[in-house]
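Okay, so here's the structure we're looking at.
Readers should treat all values here as calculations from the given coordinates under stated rules, not as data from a laboratory. Since this is a predicted model, take the numbers as computed values, not measurements. Cβ placement follows ideal geometry from the backbone for every residue including glycine, while neighbour counts extend to all protein chains displayed.
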Amino acid sequence: MSLSTTLASPIHLASAASPCGSKDGIACRLAWRWTHDASTADLATVFVGRPLAILVLIVGGLLIRWLVGRLINRMVARIASGPLNERRQVRARTMGSMMLSIATTVIVFVVTLMAIGELGFPIGPIIASAGVVGLAIGFGAQSLVKDYISGMFMIFEDQYGVGDSVDLGTAVGTIEAVGLRVTRLRDVHGTVWYVRNGEILRVGNMSQNWARTVLDIGVGYDADLDHVRDVLRSVAHEVWEDPSFVGAVIEEPEVWGVEALAGDVVTMRVTLKTAPGEKARVARAMRERIKARFDIEGIAMPHLGARPFGPPPTS
């Protein structure tokens, strides 16, 4: 036997007898190399190798979470820039928060599974069990899942935002908060309504882009309709040119003419295209000015309810 074979044989035998498997990690191999003791190698795996591997997984997960958070924040800042800044910021923050929550949940789930695998437990049955449990929860919480999915689409499609005046069918008011599961709004009486997103079948938004103020003004049958039309057009034009309504009325008002004939009332319709949120203020100002001008012009507005509709009584 040669000298080289004699020197190599103990090393070969020691490595062949190593208790460290492919999953035990470097701590087990180092302990075995230094001590050639199986118990020490096992202790190094349990108390050094696996905790260190789990720590690396946690640090890696936190690093990935930080990177994803930076990417989402950068995307949110880009979306929020530009016109309609305030509304875009609210929508972007909501979308960013939702995506960050989803990313955090996925990262925590993956890191947890990998940590369980490092501890020596098989993760295949755990994943299968999680799938069964998730399916059961999905069947048992269909309404909750429906609420979240509806909330996601409402946010992505920008159907409404905080500060919008909306009609959700079940409630009418001003949006105060938009969540993935529930939308909170306050009506004109101050009542706060919590509406589940999955229960919202239609959305009427009075605050997107522009609104229209529609005024139906009643006059008597004996009124000169051409004169009434000229007065209404003049009052609407004054509001259009009033400095206090600059930006509130965004187009030249229109007098559409006779809208209805009912009893002893002729209804004339005036419309003004207004900015979102200015509809009520413009309508109040128009009513006040129309009443004052009618008094000056001698145009009588019928007193509804003073007598039944129909022709005047004969004596």
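Equivalent-ellipsoid semi-axes (√(5λ), Cα gyration tensor) for segment 119-209, whole Å, largest first?
Details: eigenvalues 273, 31, 24 Å².
Listed largest to smallest, the semi-axes of segment 119-209 are 37, 13, 11 Å.
Over all other residues within a Cβ to Cβ distance under 11 Å of residue 252, the charged ones net out to -1, with Lys and Arg as +1 and Asp and Glu as -1. Each peptide in 108-115, 184-191, 173-180 gets a packing score, the mean of other Cβ atoms within 10 Å over its residues, and the list from highest to lowest is 173-180, 108-115, 184-191. Applying the Karplus relation 6.51 cos²θ - 1.76 cosθ + 1.60 with θ = phi - 60° to segment 250-260 yields 3J(HN,Hα) values of 9, 9, 4, x, 10, 9, 7, x, 6, 9, 7 Hz, where x marks Gly and Pro. Residue 147 sits among other residues whose Cβ lies under 13 Å from its own Cβ, and their net charge, with Lys and Arg +1 and Asp and Glu -1, is +2.
Residues 291, 273, 279, ranked from the fewest to the most other C-beta atoms within 10 Å, line up as 291, 273, 279.
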